[in-house]
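Below is one structure, written out as structure tokens; the observations come after it.
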Amino acid sequence: MESPPILYISRRVRFCAAHTLHNPSLSPEENRRTFGVCSNPHGHNYVLEVTVRGTVPPRTGMVLDLKVLKEILEERVVSLLDHRDLNRDVECLAGVIPTAENVAIKIWDLVEPALEGSQLYRVRLLESDENLVDYYGPAGRPDPRGRED
Ligand SMILES: [Zn+2]
């Protein structure tokens with residue numbers, strides 16, 4: 001029997017936050033060399049795209065109600081990070097350098113438990129039009145040929 005089609009649906013949300021890229025175990029000179037101007041406090045208008053993967057149940061025709069995903073992202077991510085200093089104000093980021101990479105990992109950890117049965121596929125975080133990071137979860141990116149099942 002043919003397996004049911006798998007689709008990927010995404011919700012985009014935005015938030016603004018400040019950060020300073022700084023490693024306390026490095027000297028001021030090493031921090032400047034490693035992080036450049038990003039070692040100064042500055043902000044980003046972040047764009048977050050969260051993608052959920054699944055089949056389409058005949059009863060609803062939806063992988064997941066995007067309204068539900070929107071609410072999860074507002075409650076678990078935007079309310080926590082919007083208009084915050086990611087170095088100081090966000091408990092779950094304490095002790096990590098708040099790069100887009102580390103923030104994406106934390107966003108995965110915040111969103112994934114709330115999805116209840118739906119499979120989180122990707123967290124994509126854009127710091128700017130030019131810079132973005134993709135995170136496919138702790139197991140890494142699934143095999144594109146679908147053998148991850
Ligand atoms: Zn930055």
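The values are calculated or read from the model by the stated rules, or taken from the named source; none is laboratory data. Just so it is clear, the structure is predicted and the values come from calculations on it, not from any experiment. Heads up, the Cβs are rebuilt from the backbone with ideal geometry, glycines too, and the neighbour counts pull from every protein chain shown.
Quick grid of which residues meet (1) in a loop (DSSP other than H, G, I, E, B); (2) in contact (Cβ under 8 Å) with a residue 24 or more places away in the chain; (3) under 17 Å from Thr51 (Cα atoms); (4) of a type in the set (Phe, Trp, Tyr):
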{"position": "Lys106", "(1), (2), (3), (4)": "no, no, yes, no"}
{"position": "Leu125", "(1), (2), (3), (4)": "no, yes, yes, no"}
{"position": "Ser128", "(1), (2), (3), (4)": "yes, yes, no, no"}
{"position": "Gly137", "(1), (2), (3), (4)": "yes, yes, yes, no"}
| remark: Looking across region 3-22 at residues that are assigned to a loop (DSSP other than H, G, I, E, B) and within 21 Å of Ala94 (Cα to Cα), the single one that is nearest to the ligand (Cβ to nearest atom) is Leu21
| How many of the residues in region 71-96 are more than 17 Å from Cys16 (Cα to Cα) and either surrounded by 15 or more Cβ atoms within 10 Å (Cβ to Cβ) or within 15 Å of the ligand (Cβ to nearest atom) (or both)? | 2
| said: Residues that are within 11 Å of the ligand (Cβ to nearest atom) and either surrounded by fewer than 17 Cβ atoms within 10 Å (Cβ to Cβ) or at pLDDT 95 or above (or both): does region 23-32 have at least one? | reply: no
| Is it the case that region 48-55 has a residue that's without any contact (Cβ under 8 Å) to a residue 60 or more places away in the chain and on the phi > 0 side of the Ramachandran plot? | no
| remark: Residues in region 33-54 that are hydroxyl-bearing (Ser, Thr, Tyr), modelled with pLDDT of 95 or more and not in a strand (DSSP E or B) total 1
| task | Quick one: Leu80 ticks every box in (1) in a helix (DSSP H, G or I); (2) touching a residue at least 60 places away in the same chain (Cβ under 8 Å); (3) among the aliphatic types (A, V, I, L, M) except a single one, so which number is it? | result | (2)
| Going by the structure shown, is Gly117 small (Gly, Ala, Ser) and closer than 26 Å to Pro57 by Cα? | yes
| request: Quick one: Glu130 ticks every box in (1) within 16 Å of the ligand (Cβ to nearest atom); (2) surrounded by 13 or more Cβ atoms within 10 Å (Cβ to Cβ) except a single one, so which number is it? | output: (2)
| remark: Arg59: passes all of (1) in contact with a Leu (Cβ under 7 Å, 6 or more places away or on another chain); (2) over 27 Å from Leu110 (Cα atoms) but (1)
| task | Could you tell me whether region 49-60 includes any residue that is surrounded by 18 or more Cβ atoms within 10 Å (Cβ to Cβ), within 23 Å of Asp129 (Cα to Cα) and within 16 Å of the ligand (Cβ to nearest atom)? | result | no
